Amino acid sequence: METYPRFRINEMIRPLMRKKQTWRIALIANLIDDFTRTPDDPLDAGAEFDRRQTIESISTALEAEGHKVIFVQANSALPEVLMKVKPQICFNIAEGISGDGREAQVPALCELLGIPYTGSQVVANAISLNKTMTKRIWQQLGLPTAPYYEFTSLEDAAHAELRFPLFAKPAREGTGMGIDNRSIINNHDELFARVGWLLSNYRQPVLVEEFLPGREFTVGFIGNRGNPAYRSRPDLYDADGYHWFPILEIDTLSSVSPTIYGHDAKSLDIGTEGAPNYLCPAMISESLRARLIDLTRRAAEALDVRDVSRIDFRLGADGEPYLMEINTLPGLNPLISDLCIMAATEGMSHQILISEILHLAAERYQLFSPDQASKVKNQQQLNSYVETEHKIIK
Ligand SMILES: Nc1ncnc2c1ncn2[C@@H]1O[C@H](COP(=O)(O)OP(=O)(O)O)[C@@H](O)[C@H]1O
Ligand SMILES: [Mg+2]
């Protein structure tokens, strides 16, 4: 018996979805210009915050589709401002200011106020900021990640049973903060010195892992699990609901911090002296590519992420890929962010990338006009009927 071909479904829905919907959008971010470092902060504090250029590019992309965009700072005034602005949806890129789950603050507030928002939700954003907790979950699922130990004090150093060389980083930072040439640790003296320095400067636990000596890759995607047939651009997604960007290799050998993609290397503009080489698509075998994508899918689904993410990998001494960390709020600067480099490589404009992230979220919240929403619902029912039938036939 013949199954219902997928392209027939897409054809049926495409005309329906062409009707454009526009919304009042709060673009929520932490601007680097507004960050003031206190004497107690580490020298690279604020590195995760966004440049004005990123805000402008995202606004331009959203406005080009007819949306009204209001930029809102993710600070203590945010609850009041959101209640005034009354956005229909928030485009969230805020890193948060303080606290152990700071990247989950805006999602939590949006949940409290009942406002839809783009990207991952509270739990995924809080866990992914915590690299140790993320590794515990991956490890529990049998996903490959380097052996590690988390130091909350220097006394812990005596208990660590890891093999040198090691690699130390703050457990809850990003953008290469606290990572430089001294992150690689060869003996106990270096371990004490570096862990002590990280504990006192970053005032949070220190994640010490076995050093992964191999090539470095980052894998990015947009999408959510599920039939993409009723999305506004179903052609962009695989049948399982994801769009995989070309894999990016980061070659740091001739950078300011050879073999390490730390804060200094990340802050240099592409092509300038000391910046890493960004190789996209990475020259890798089809089997390694498939393995990296499979691991990314499983690692992301383990945390229940939404709409967009990027996962960093390195190859171990055995030549196998190991998960380092997940970025549920990957940088979206059109010129320097890894995810935007990947999208540009395959010819996806920044505008489409931003528009898709918005539409993926809007679709999850069924943020369409009542008329359109009911039609979409009917189509979803049809799709799930077709899928069920397909399964039975198989
Ligand atoms: N276990 C490790 N072995 C080797 N290099 C590592 C290891 N962990 C991190 N690094 C290096 O440090 C960089 C930053 O680490 P990562 O965990 O991705 O944190 P960030 O959130 O700062 O990007 C990586 O891109 C990689 O170059
Ligand atoms: Mg990283």
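Just so you know, all these numbers are worked out from the coordinates, no wet-lab data involved. Worth saying up front: this structure is predicted, and the values here are computed from it rather than measured. Cβ atoms come from the backbone with ideal geometry, glycine included; neighbour counts cover every protein chain shown.
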query: Quick one: which of 228-235, 280-287, 182-189 comes out on top by average Cβ neighbours within 10 Å, and what's the full order, highest first?
result: 228-235, 182-189, 280-287
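With a cut-off of 8 Å between alpha carbons and a minimum separation of six or more residues, what is the relative contact order of the chain in percent?
On the way: 713 pairs, mean separation 73.4, N = 394.
Contact order relative to length: 19 percent.
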- prompt: For the pair ARG163 and ARG298, how long in nm is the line joining their label points, each one 7 Å along Cα→Cβ?
  reply: 2.2
query: With labels modelled as points extended 7 Å from the Cα through the Cβ direction, what inter-label distance (nm, one decimal) is found for GLU273 paired with ARG364?
result: 4.5
HN-Hα J in Hz across the stretch 48-63 - Karplus 6.51, -1.76, 1.60, θ = phi - 60°, x for Gly and Pro: 6, 6, 8, 6, 4, 4, 5, 4, 4, 5, 5, 4, 4, 4, 6, 5
- prompt: With the dipole of the chain worked out from charges on the C-beta (+1 for Lys and Arg, -1 for Asp and Glu) around the Cα centre, which of ILE28, LEU360, GLY96 lies farthest toward the positive end?
  reply: LEU360
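Suppose we keep just the DSSP beta bridges with both residues in the chain; what percent of those would be antiparallel, to 5?
Values: 33 of 46 bridges.
In the chain, DSSP labels about 70 percent of beta bridges as antiparallel.
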task: May I ask for the equivalent-ellipsoid semi-axes of the chain, computed as the square root of five times each C-alpha gyration tensor eigenvalue and listed largest first in whole Å?
output: 37, 26, 19
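Given the -39500 (n - 2.57) contribution per DSSP H run of 4+ residues, what per-residue ellipticity at 222 nm results for the chain, rounded to the nearest 500 deg cm²/dmol? Display every interim value, and only then the final one.
Values: 12 runs with 143 residues, N = 394.
Helices in the chain give a 222 nm mean residue ellipticity of -11000 deg cm²/dmol.
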message: Suppose the chain between ILE32 and GLU286 were pulled fully straight at 0.36 nm per residue; how much longer would it get relative to their current alpha carbon spacing?
response: 87.5 nm
- prompt: Between GLU95 and residues 5 or more places away or on another chain, which pairs have amide H atoms under 5 Å apart, with H built 1.01 Å from N, and which residues are they?
  reply: ASN30
query: Which whole-Hz couplings ³J(HN,Hα) result when phi for each residue of the stretch 25-36 is put into the Karplus expression 6.51 cos²θ - 1.76 cosθ + 1.60, θ = phi - 60°, listed in order with x for Gly and Pro?
result: 10, 8, 8, 9, 8, 10, 7, 5, 4, 8, 8, 10
Rounded to the nearest 20 debye, dipole of the chain from Cβ charges on Lys, Arg, Asp, Glu: 1600
statement: Residues whose modelled amide H sits under 5 Å from the amide H of GLU325, counting only those 5 or more places away in sequence or on another chain, are ASP312
field: Unit charges on C-beta of K, R, D, E only; dipole of the stretch 147-210, Debye
entry: 200
message: Could you give each residue of the stretch 138-144 its phi-based ³J(HN,Hα) in whole Hz, using Karplus coefficients 6.51, -1.76, 1.60 with θ = phi - 60°, and x for Gly or Pro?
response: 4, 4, 4, 8, x, 7, x
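Using only alpha carbons, build the gyration tensor for the stretch 147-210 and give me the equivalent ellipsoid semi-axes, biggest first, whole Å.
Details: eigenvalues 50, 32, 22 Å².
In descending order the semi-axes read 16, 13, 11 Å.
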field: For ILE179, residues with placed amide H under 5 Å, excluding near neighbours
entry: HIS263
- prompt: Hey, rough spin-label estimate for ASP41 and MET83, points 7 angstrom out along Cα→Cβ, what's it come to in nanometres?
  reply: 2.8
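I need the peptides 129-138, 94-103 ranked by packing, meaning the mean over residues of other C-beta atoms within 10 angstrom, with the highest value on top. Please report the intermediate quantities before stating the final value.
Details: 129-138: 20.2, 94-103: 18.4.
Sorting 129-138, 94-103 by mean packing, highest first, produces 129-138, 94-103.
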